[in-house]
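Reading through the structure tokens given below for one structure.
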Amino acid sequence: MIQTVRSFGEVVVNRILPSFSNLEGEVDQVTQEKWDELGSSWGPDGDPALAAEFAQNAGIDHYVLVSELRQGLLNWSCAALYHLFEQQMLLLLRSQILSHGEENDPNLMTFSVLVDRLGLLGVDVRGFENWKQIGELRDLANTVKHAEGRSSRRLAESRPDLFVNPLLRGRPGGLEATSTRVFLPIAGQDLFVQPDDFDQFVKAVVGFLEELASSLDLSLIH
């Protein structure tokens, strides 16, 4: 379990995100291609300045679209991270915690049941060091999936920075200038998870699993 989470984080950071590293070069290429296209169809009385403006706008549109898709991918990666963790916990619940005859009861297939059953075993996961971040990750995953709602409002209270456009972070009044309105987080709008945020959530999940493994001494978690 732990290695799977680590590997997932490494794939996102080291394989997927670097595919966006040459965005400026892509913008230049799109701009040039649009200029060439207009140049081949522009009449002798055409306005070169207007053609240049169209070409520049094509580059800007490409930059905005791909930047938002990159942001949406980061948002989605956090949602996927939480559901990977949740599925691992349900596997643990069914294979190691529930008694024989309970493991196929759909009413018991919840994270809250796992927490309660672990409590009966003397393991209070609510006291784990990374419990708060696991809750934030859950709210983040629900916000990515469902946009604005109870989860987004809870998340805004604990992590208001995630609703701040990175261009505004660090500026005076930056947190006050943002809105917690969430419409299109998968499209990279309204929610702004950054690579460092994602990395911290990966570490929180790994830390939680390590503490759980230590408490239960179960090889399945490793």
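The values are calculated or read from the model by the stated rules, or taken from the named source; none is laboratory data. Everything numeric in this text was worked out from a predicted model, so none of it was measured. Heads up, the Cβs are rebuilt from the backbone with ideal geometry, glycines too, and the neighbour counts pull from every protein chain shown. For accessibility, only protein heavy atoms count, side chains too; no ligands or nucleic acids. Shrake-Rupley method; radii C 1.70, N 1.55, O 1.52, S 1.80 Å.
Once you keep just the Cα pairs under 8 angstrom separated by 6 or more residues, what percentage relative contact order results for the chain?
Values: 240 pairs, mean separation 60.3, N = 222.
Rounded, it is 27 percent for the chain.
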For the chain, dividing by residue count, accessible area per residue (probe 1.4 Å) in Å² works out to 56
Taking SER151, SER215 and ranking on accessible area (1.4 Å, protein atoms only), highest first, one gets SER215, SER151
Quick calc: nm separation of the 7 Å Cα→Cβ label points for LEU168 and LEU23 -> 1.8
Normalised Cα Rg of segment 47-111, dividing by 2.2 N^0.38 Å with N its residue count, works out at 2.26
Computed over the chain: longest principal axis from alpha-carbon atoms vs helix 2-11 long axis, angle to nearest 10 degrees, is 0
Longest principal axis of the chain (C-alpha) makes with the long axis of helix 195-216 (C-alpha) an angle, in degrees to the nearest 10, of 10
Amide H contacts under 5 Å for LEU98, restricted to residues at least 5 apart in sequence or on another chain and with H modeled in the peptide plane, are none
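On average over all directions, what projected area in square nanometres does the chain have, based on the convex hull of its Cα atoms?
Values: hull surface 64.9 nm².
Averaged projected area of the chain's Cα convex hull equals 16.2 nm².
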Placing each pseudo-label 7 Å from Cα in the direction of the beta carbon, ALA213 and SER112 end up separated by a distance in nanometres of 3.0
Straight-line reach check, LYS132, cutoff 22 Å on alpha carbons, 8 or more apart in-chain or any other chain, hits among lysines -> LYS145, LYS203
Counting only protein heavy atoms with a 1.4 Å probe and every protein chain in place, the carbon and sulfur fraction of the accessible surface of the chain in whole percent equals 52
Calculated from DSSP helices alone, with each H run of at least 4 adding -39500 (n - 2.57) and the total divided by the residues of the chain, [θ]222 nm to the nearest 500 comes to -20500 deg cm²/dmol
For ARG159, the residues 5 or more places away or on another chain with a placed amide H closer than 5 Å to its own amide H are none
Measuring from the longest principal axis of the C-alpha atoms of the chain, the long axis of helix 23-41 (C-alpha) lies at a number of degrees, nearest 10, equal to 30
